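Notes for the one structure printed next.
The values are calculated or read from the model by the stated rules, or taken from the named source; none is laboratory data. Keep in mind it's a predicted model, so treat the numbers as computed, not measured. So basically every Cβ, Gly included, is an ideal-geometry build from the backbone, and we count neighbours across all protein chains shown. Heads up: the accessible areas ignore ligands, DNA and RNA and are worked out on the full protein's heavy atoms, side chains in. Shrake-Rupley method; radii C 1.70, N 1.55, O 1.52, S 1.80 Å.
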Amino acid sequence: IKDRNVLPSIPGTTTAAITHADLLDANSNCVQQCTGALQVQAQADLLAAQGWRFDLRPGEKTVGAATTLSNSVFFNTNQPAAATCENALGIAREYRVHYADASAVRDLDFTGDLDVGDRSAEHAGGGLLPDPVPLLVEMDGEYHQGVVIGPSVRDAGSVPFGARLRTNWNKRLD
């Protein structure tokens, strides 16, 4: 969500809440997968929107907190098992999407291209995965970023550690 109203509002004015309709429907992943005029239109729609959203599978719900690191948002879900009479843990998925447009970041299904199927990967055994935890490790004088999700450690990506600058500002209203 791109909330542009982060400063205190001027007395006597109100700001509208961001609604479902204000977010780009990123289910088709057209920003990444379409070509030509369709992709240009999807990018324009994204710029005009207040953020993006995509639907999870039927019954699937997020579990725990999300972590954003190196331009990627990491979060986990659980989709209950279809049969209700057995002791099943359901399907555990970890998601990794680009923070700006919900596009896939890594080829998680090993098909050689990035598409909507690369937004998530299933964890064997199902259940509820713990929150993704960012990690920073120094090896041989180099820093490496990663995310720990349960028993797995994922490389955080291509943005070098230290490439980001923290910027603070203060706006005073009289």
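Miscellaneous remarks
- Residue in segment 52-74 that is least open to solvent (accessible area, probe 1.4 Å), counting only those that are farther than 24 Å from Tyr143 by Cβ and part of a strand (DSSP E or B): Val63
- Which listed residue is in contact with a His (Cβ under 7 Å, 6 or more places away or on another chain), closer than 30 Å to Thr19 by Cβ and modelled with pLDDT under 95, from Val73, Val105, Val116: Val105
- Residue pairs meeting the criteria (Cβ under 6 Å; at least 6 apart or on separate chains; first more than 18 Å from Asp115 (Cα to Cα) and open to solvent by 50 Å² or more (accessible area, probe 1.4 Å), in segment 29-51; second modelled with pLDDT of 90 or more and assigned to a helix (DSSP H, G or I)): none
- Only listed residue being modelled with pLDDT under 90, open to solvent by less than 80 Å² (accessible area, probe 1.4 Å), out of contact with any strand residue (DSSP E or B) (no Cβ under 6 Å at 6 or more places or on another chain) and of a type in the set (A, V, I, L, M), chosen from Ala124, Ala83: Ala83
Listed here are the residues, each with its yes/no results for (1) of a type outside the set (Asp, Glu); (2) in a loop (DSSP other than H, G, I, E, B).
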position: Glu122; (1), (2): no, no
position: Leu135; (1), (2): yes, no
position: Tyr143; (1), (2): yes, no
position: Val148; (1), (2): yes, no
position: Gly157; (1), (2): yes, yes
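- Hey, Gly12 open to solvent by 30 Å² or more (accessible area, probe 1.4 Å), over 21 Å from the mean Cα position of the chain (by Cα) and at pLDDT 90 or above or not: no
Rundown of residues vs (1) more than 19 Å from the chain's Cα centre (by Cα); (2) under 27 Å from Val31 (Cα atoms), yes/no style:
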{"site": "Lys61", "(1), (2)": "no, yes"}
{"site": "Thr67", "(1), (2)": "no, yes"}
{"site": "Val73", "(1), (2)": "no, yes"}
{"site": "His98", "(1), (2)": "no, yes"}
{"site": "Val116", "(1), (2)": "no, yes"}
{"site": "Leu128", "(1), (2)": "no, no"}
{"site": "Tyr143", "(1), (2)": "yes, no"}
{"site": "Val147", "(1), (2)": "no, yes"}
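- Among the residues of segment 54-107, those that are touching a Gly at 6+ places or on another chain (Cβ under 6 Å) and over 17 Å from Val133 (Cα atoms) comprise Asn78, Gln79, Pro80, Ala81, Leu89, Gly90, Ile91.
- The lone exception for Thr111 - which of (1) β-branched (Val, Ile, Thr); (2) buried (at least 16 other Cβ atoms within 10 Å of the Cβ); (3) in a loop (DSSP other than H, G, I, E, B) it fails: (2)
- The lone exception for Ala92 - which of (1) in contact (Cβ under 8 Å) with a residue 24 or more places away in the chain; (2) assigned to a strand (DSSP E or B); (3) surrounded by fewer than 18 Cβ atoms within 10 Å (Cβ to Cβ) it fails: (3)
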